[in-house]
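Asker: Please find one structure pasted underneath; my questions will follow.
The values are calculated or read from the model by the stated rules, or taken from the named source; none is laboratory data. The structure displayed is predicted, hence computed values, not measured ones. Positions of Cβ are generated from backbone atoms using ideal geometry, with glycine treated the same way; all protein chains shown enter the neighbour counts. Quick note on the areas: whole protein, heavy atoms, side chains included, nothing else; ligands and nucleic acids left out. Shrake-Rupley method; radii C 1.70, N 1.55, O 1.52, S 1.80 Å.
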Amino acid sequence: MRLMIAAMTLALTASLAHAADATCEAKAADKKLAGAAKSSFVKKCEKDAAASAAKATCATAAADKKLAGAAKNSFIKKCEKDAAAGAASAASK
C-alpha cells in the first residue's frame, strides 16, 4: 500500500513538475530574473510545487483511509517522507 501511494505521488509529482516548470519560468520572467538568480528561483519554485503536490496527495490518501488526529498526522508525515525519497531516487536516475 505504501509503495502504491509513493508511486501515485511520484506520478503526480512528475506530471505537475512539467506544469510547474512553465509556471515557474513565467514567474521568473515576471520578476525579470536572469542567470543564476533565475535558475535558483526556478529550482526552488519547482521543489515547492512538488512538495505541495505530495502534501495534497498524502492528505487525500489519509482522508480515504478515514484517519484522524495523531494517526492522520503520522501517516501524512511518513507519506510525504516516502514521496520525497521516491522523487529523489527518480531524479538521480
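Asker: Inside segment 28-52, can you point out the residues that are on the phi > 0 side of the Ramachandran plot and either outside any loop (DSSP other than H, G, I, E, B) or polar (S, T, N, Q) (or both)? Don't jump to the end; show me each part of the working.
Answerer: Initial filter on segment 28-52 (on the phi > 0 side of the Ramachandran plot): 32, 35.
Hit for segment 28-52 is Gly35, nothing else.
Asker: Which of the residues belonging to segment 12-24 are surrounded by fewer than 16 Cβ atoms within 10 Å (Cβ to Cβ) and either within 21 Å of Cys79 (Cα to Cα) or at pLDDT 85 or above (or both)? Break it down into steps so the answer makes sense when it comes.
Answerer: Taking segment 12-24 first, the residues surrounded by fewer than 16 Cβ atoms within 10 Å (Cβ to Cβ) are 14-15, 18-19, 21-23.
Hits for segment 12-24 are Ala14, Ser15, Thr23.
Asker: Any idea which residue in segment 38-58 is farthest from Ala26 (Cα to Cα), counting only those that are open to solvent by less than 40 Å² (accessible area, probe 1.4 Å) and of a type outside the set (Val, Ile, Thr)? Break it down into steps so the answer makes sense when it comes.
Answerer: Narrowing segment 38-58 to residues open to solvent by less than 40 Å² (accessible area, probe 1.4 Å): 42, 45, 49-50, 53-54, 57-58.
From what's left, of a type outside the set (Val, Ile, Thr): 45, 49-50, 53-54, 58.
Working: Cys45: 11, Ala49: 14, Ala50: 17, Ala53: 19, Ala54: 22, Cys58: 28 Å.
My answer is Cys58.
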